[in-house]
Structure formats: C-alpha cells, structure tokens
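S.K.: If you scroll down you'll find the structure; I have some questions about it.
None of the figures in this text is laboratory data; all of them are computed from the coordinates on show. What you see is a predicted model, and the numbers here were worked out from it, not measured in a lab. Reconstructed Cβ throughout: ideal geometry from the backbone, glycine too, with neighbour counts over all protein chains shown.
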Amino acid sequence: MAAVKASSTIQENKHYALGLCPVTYTMEKIGGYWKPIILYHLSSGSKRYSELKRAIPAITEKMLIQHLRQMEADGLVLRESRPVVPPYVTYRLSQAGQGLKPVIRAMTAWAGKERAGEFGKKKK
C-alpha cells in the first residue's frame with residue numbers, strides 16, 4: 001500500500017477537522033464497522049478474546065486483533081495478560097472507554113426506536 005502524503009489536501013482537511021470538530025475526533029477513535037460493536041460487548045465488563053470472538057462471529061480474527069490493538073493504542077481498551085498456560089488475556093474498557101458507555105447506550109436506544117418505527121415511515 002502506498003504511503004499517505006502528509007501534505008495532501010485530504011490530510012490537511014482531516015487534521016483541521018480533528019482539531020475543530022469533536023464528532024470528527026470521536027469518530028476517528030471509534031469509527032468504522034467493528035469498533036462500536038467491540039465497545040458494545042466490552043461495555044458489559046471484561047471479556048476474554050475467545051468470548052469476544054464468540055459474541056461477534058462475523059468478525060475475522062485479523063480484524064478483531066487489529067481493532068483491539070488500535071483501541072488499546074488509543075487508550076480506550078486495556079489488555080491484561082496473565083502468565084499461565086494456556087495464556088489468559090482479557091480486555092476491558094479503560095477510563096476513557098468507560099466514558100463512551102453513554103454514547104454506546106444512546107446508539108443502542110436509537111437503534112431500538114428506529115427498528116420499531118418510532119421516527120415515522122421513510123419517505124420514498
């Protein structure tokens with residue numbers, strides 16, 4: 001994959017938006033298809049890798065590991081490994097990740113209302 005040119009217009013616009021728009025900043029941290037789903041499952045408490053994989057069967061191992069590492073690097077998820085055989089690794093929300101619980105709950109509530117048709121019929 002080609003390196004991203006740091007001085008490109010798109011990168012300048014992204015950097016500008018990240019500094020000014022809190023929604024853009026938040027979406028940079030939790031955006032994408034899988035991250036909110038992972039955060040949703042971790043919002044109920046610590047989970048082992050295998051528990052997360054079972055809870056989200058459609059995600060590939062590569063994507064789950066990649067997103068967990070990204071969220072760990074962003075300070076949203078804490079990884080705790082215990083030196084036993086077999087290895088015992090758990091993931092949980094950090095303090096910053098805990099701060100996202102109201103956001104995840106709001107998304108959950110909105111989805112329930114949308115599915116129930118509480119916002120009216122869609123216009124064609």
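S.K.: Apply the a/c threshold of 1.5 to the C-alpha gyration tensor of the chain and tell me whether it is rounded, prolate or oblate.
M.R.: In terms of gyration-tensor shape, oblate.
S.K.: Which one of 83, 64, 52 is farthest out on the positive end of the charge dipole of the range 46-116, using unit charges on Cβ (Lys, Arg +1; Asp, Glu -1) and the Cα centre as origin?
M.R.: Positive-end residue among those listed: 52.
S.K.: Please get the size of the charge dipole for the chain, origin at its Cα centre, with Cβ charges of +1 on Lys and Arg and -1 on Asp and Glu, quoted in debye to the nearest 20.
M.R.: Dipole about the Cα centre, nearest 20: 500 debye.
S.K.: Something else about it: With a point put 7 Å past each Cα toward its Cβ, work out how far residue 111 is from residue 15 in nm, to one decimal.
M.R.: Going from the residue 111 label point to the residue 15 one covers 3.6 nm.
S.K.: Same structure, new question: 222 nm [θ] for the chain, helices only, -39500 (n - 2.57) per DSSP H run of 4+, per residue, to 500?
M.R.: Taken over the chain, the calculation gives -16000 deg cm²/dmol.
S.K.: Note down the magnitude of the dipole of the range 46-116 about its Cα centre, charges +1 on Lys and Arg C-beta and -1 on Asp and Glu C-beta and zero elsewhere, to the nearest 20 debye.
M.R.: In debye, rounded to 20, the range 46-116 gives about 200.
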